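Written out below as structure tokens is the structure these notes cover.
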Amino acid sequence: MDPIRNPYAPGAGQRPPELAGRGPQLAAFGVVLERVSHGRPERSIVLTGLRGVGKTVLLNAMRSAAVRRGWGTGKLEARPDQGLRRPLSSALHQAVRELGHPDPESVTHVLGVIRSFAERDAGPGAKVRDRWHPGIDAPAVRGRADSGDIEIDLVELFTDLGGLAADQGRGIAVCVDEMQDVGPDDVSALCAACHEISQSGLPVIVVGAGLPHLPAVLSAAKSYSERLFGYQRIDRLDRENADLALRVPAEAEDAAYDEEALAALYDATGGYPYFIQAYGKTVWDLAPHSPITVADVAVAAPEAERELAVGFFGSRFERATPGEREYLRAMADAASALVGSGETLDDIESVLTADVAAVLGKKPQSLSPARDALLKKGLIYSGERGRIAFTVPHFGAFLRSR
Ligand SMILES: Nc1ncnc2c1ncn2[C@@H]1O[C@H](COP(=O)(O)OP(=O)(O)O)[C@@H](O)[C@H]1O
Ligand SMILES: [Mg+2]
């Protein structure tokens, strides 16, 4: 069919043509926006899930909802080994601009606080030219958010920002993607600041997104974080919503799917949003005409898998050393050994590290370096002591097919 009219959008953070199955999360977020705007207490929100389930896209949709409500919003993507000050000050700078507060003096003050928060990054003895410039014209407000203690500084920063938003009956949403990669001190400070701010009833919330072990990361930082955040597990779509994700965009282009084609697509994609987009795109391009049939799906499947092997799996697999690849492969074998009657590989969430060691015939301790490196590279995660899992769905099947 006409590739120019192909509606599907495989790719990290790519807005899907139809955001299927996330109505409940968006509705709940709408309630949070209203409550916080009216000074009522609400928890910050954290979205968790595997790679490719649609966390980034949902985070962006929530951010848009906040903007429509007149809120100031900013977003950052955490990276391992990067401090919070710079990306956070850029995000908050953006949020203040979006807020469009009518009183220039108040705005100048808050921007000055953001600036002093940002400039503290270089350390007190740093020369002016070593300082990072946050691109803020307002003069830094010395003595505010620049103590060097990130926890104190964040509270001061959020307090001033919250005051600016509260003046207008609005709020501030700070979106943090890949939140599991925020460093331990920063994450602990972020929790403390959320805690402090929610107690004072100021309209500032954090909306985080990250891998399934993010709740464990936050609990390790501050034990009260379980009560601080509303956790929402983002998962594969059920059959009905997976069909909508495929059908609605096709219908907008006057195209359709056979019932059997939709069943075959669900079977292949397991309802994972990334796979739905990838399959949808390839099947569309290779099908001769509408309606798309189960035979069209069968013809396109090898090509879709090839593209996933390169773009989705391969790019991650390449980051692993030979020893780490052996470990990954052993994880896949250990998971397959657990598949019982009526269960698929998708139902096996994690494996015991001891089982992985047994597959390799090695002592668990001797495998710690490989495991730690894979954790650091974000290829696997550990939600519970002694257990590990792939961060990428279908990764085991990909490894076993190589
Ligand atoms: N609810 C959804 N319905 C249909 N497609 C979706 C949905 N959510 C995400 N996608 C698609 O899935 C892919 C991965 O989304 P992304 O937000 O990058 O996932 P994550 O951040 O969890 O890794 C993108 O191609 C996106 O268009
Ligand atoms: Mg993402």
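Scanning segment 186-242 for residues that are among the small types (G, A, S) and under 23 Å from G13 (Cα atoms) yields G208, A209, G210, G230, A242.
For segment 333-354, a residue qualifies if it is within 15 Å of S382 (Cα to Cα) and modelled with pLDDT of 85 or more, and the qualifying residues are A335, S350, V351, L352, T353, A354.
Residue by residue, here is whether (1) modelled with pLDDT under 95; (2) assigned by TED's automatic domain parsing to the domain that holds V174; (3) in contact with a Gly (Cβ under 7 Å, 6 or more places away or on another chain) holds:
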residue	(1), (2), (3)
G13	no, no, no
E18	no, no, no
E42	yes, yes, no
T56	no, yes, yes
A91	no, yes, yes
I114	no, yes, no
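With respect to the stated conditions, A245 is over 15 Å from D2 (Cα atoms) and in contact with an Asp or Glu (Cβ under 6 Å, 6 or more places away or on another chain). Scanning segment 86-118 for residues that are touching a Pro at 6+ places or on another chain (Cβ under 7 Å) and charged (D, E, K, R) yields a single hit, R115. The selection criterion, being in contact (Cβ under 8 Å) with a residue 60 or more places away in the chain, assigned to a helix (DSSP H, G or I) and assigned by TED's automatic domain parsing to the domain that holds Y381, does not hold for R227. Restricting to segment 141-178, name every residue that is among the β-branched types (V, I, T), away from ligand 2 (no atom under 16 Å from the Cβ) and either in contact (Cβ under 8 Å) with a residue 12 or more places away in the chain or crowded, with 23+ Cβ neighbours inside 10 Å (or both). Correct list: V141, I150, V155, T159, I172, V174. Considering segment 33-49 alone, what residues qualify as being over 8 Å from the mean Cα position of the chain (by Cα) and either within 7 Å of ligand 1 (Cβ to nearest atom) or acidic (D, E) (or both)? Listed by number, the residues that qualify are E34, E42. Scanning segment 3-47 for residues that are out of contact with any Phe, Trp or Tyr (no Cβ under 6 Å at 6 or more places or on another chain), within 16 Å of ligand 2 (Cβ to nearest atom) and not in a loop (DSSP other than H, G, I, E, B) turns up Q25, I45, L47. Of everything in segment 48-61 that's over 13 Å from P16 (Cα atoms) and of a type outside the set (A, V, I, L, M), which residue is farthest from ligand 2 (Cβ to nearest atom)? Among those residues, the one meeting the criterion is T48.
The values are calculated or read from the model by the stated rules, or taken from the named source; none is laboratory data. All of these numbers come straight from a predicted model, not from anything done at the bench. Note that we place each Cβ from the backbone using ideal geometry, even for glycine, and neighbour counts take in every protein chain shown.
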